[in-house]
Amino acid sequence: MSANDNADRTSWLGREFLTWLWFESERNSTHIELENIGAVAVDFGQSLVLEAPGLGADGNTVKSDAPTQAEEARTALRTGKKVAKTRILVDHGEQHYEVSFSAETFTFGAAKLPTVLTSVDDERLDERLALFDRLEAILDGLYVKFVRLRMDDEAWAEVRAAMYRWVVTPTE
């Protein structure tokens, strides 16, 4: 099996995760409670790519300061498309992180970390590594929350119904 075959078989999970994350961030006024981490605020960067499952599917790219608020993005959801690529913005306490995510390959990249406060080189490196660790813990926490929900048939049925209502309700 090639890497492309594997990506085709699993990319739906990444798209579903990102679409759920968008829904969850709006449903909870952008704050999501994570086990062992606390509350995080989640938003999306200036570009949102939505695609339908399958090869050769047409996609929509929405670019704006608030792409999740664009009617074009909601219309794409209504046609069965899900988030395929985006930039996730995360606030945890006073710290602000940004990271790109591709659902097809389930990879994160181009991370922007909070400003490092120390001026000593060795301490700067330690602080940056700690910030990367915190970002990884947050992203893992978001994904674990999604997977636990996704594996609970009853809870997922409720969330799917709520997501459906969210998708079909016009934005204000």
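The values are calculated or read from the model by the stated rules, or taken from the named source; none is laboratory data. Quantities reported herein were computed from a predicted structural model and do not represent experimental measurements. For neighbour counting, all protein chains shown are included, and Cβ atoms are generated from backbone atoms with ideal geometry for every residue, glycine included.
Report, by residue number, each residue of region 13-28 that is in a helix (DSSP H, G or I), at pLDDT below 90 and more than 18 Å from F108 (Cβ to Cβ). Across region 13-28, the qualifying residues are E26, R27. Got at least one residue in region 11-34 being surrounded by 16 or more Cβ atoms within 10 Å (Cβ to Cβ) and touching a Pro at 6+ places or on another chain (Cβ under 7 Å)? Scanning region 11-34 turns up no residue that is surrounded by 16 or more Cβ atoms within 10 Å (Cβ to Cβ) and touching a Pro at 6+ places or on another chain (Cβ under 7 Å). When the test is whether a residue is hydrophobic (A, V, I, L, M, F, W, C), out of contact with any Ser or Thr (no Cβ under 9 Å at 6 or more places or on another chain), at pLDDT 90 or above and surrounded by fewer than 19 Cβ atoms within 10 Å (Cβ to Cβ), A57 does not pass it. Which of the numbered conditions does L131 fail, given that it passes all the others? Conditions: (1) within 29 Å of E94 (Cβ to Cβ); (2) in a helix (DSSP H, G or I); (3) over 20 Å from the mean Cα position of the chain (by Cα). It is condition (3) that L131 fails. Among the residues of region 88-101, how many are surrounded by fewer than 18 Cβ atoms within 10 Å (Cβ to Cβ) and under 26 Å from G14 (Cα atoms)? Of the residues in that region, 5 qualify.
When residues in region 141-157 are screened for being out of contact with any strand residue (DSSP E or B) (no Cβ under 9 Å at 6 or more places or on another chain) and either outside any helix (DSSP H, G or I) or surrounded by 12 or more Cβ atoms within 10 Å (Cβ to Cβ) (or both), 9 of them pass.
Scan the strands (runs of 3 or more DSSP E) fully inside region 61-124 and keep the ones with 1 or more residues being modelled with pLDDT of 90 or more and touching an Asp or Glu at 6+ places or on another chain (Cβ under 6 Å). Hits in region 61-124: 82-92, 107-112. Out of R134, R165, R128, R150, one residue alone is closer than 15 Å to V42 by Cβ and not hydrophobic (A, V, I, L, M, F, W, C). It is R134. Here F132 clears all of (1) surrounded by fewer than 16 Cβ atoms within 10 Å (Cβ to Cβ); (2) under 19 Å from L18 (Cα atoms); (3) of a type in the set (F, W, Y) except the condition numbered (2).
Residue count for region 97-126 satisfying the condition of being farther than 20 Å from Y143 by Cβ and in contact with a Pro (Cβ under 8 Å, 6 or more places away or on another chain): 0.
Pairing each residue of region 106-123 that is under 27 Å from R15 (Cα atoms) and in contact (Cβ under 8 Å) with a residue 24 or more places away in the chain with any residue that is surrounded by 14 or more Cβ atoms within 10 Å (Cβ to Cβ) and aliphatic (A, V, I, L, M), provided the two are 6+ apart or on different chains, yields C-beta distances under 6 Å for F108/V99; A111/V99.
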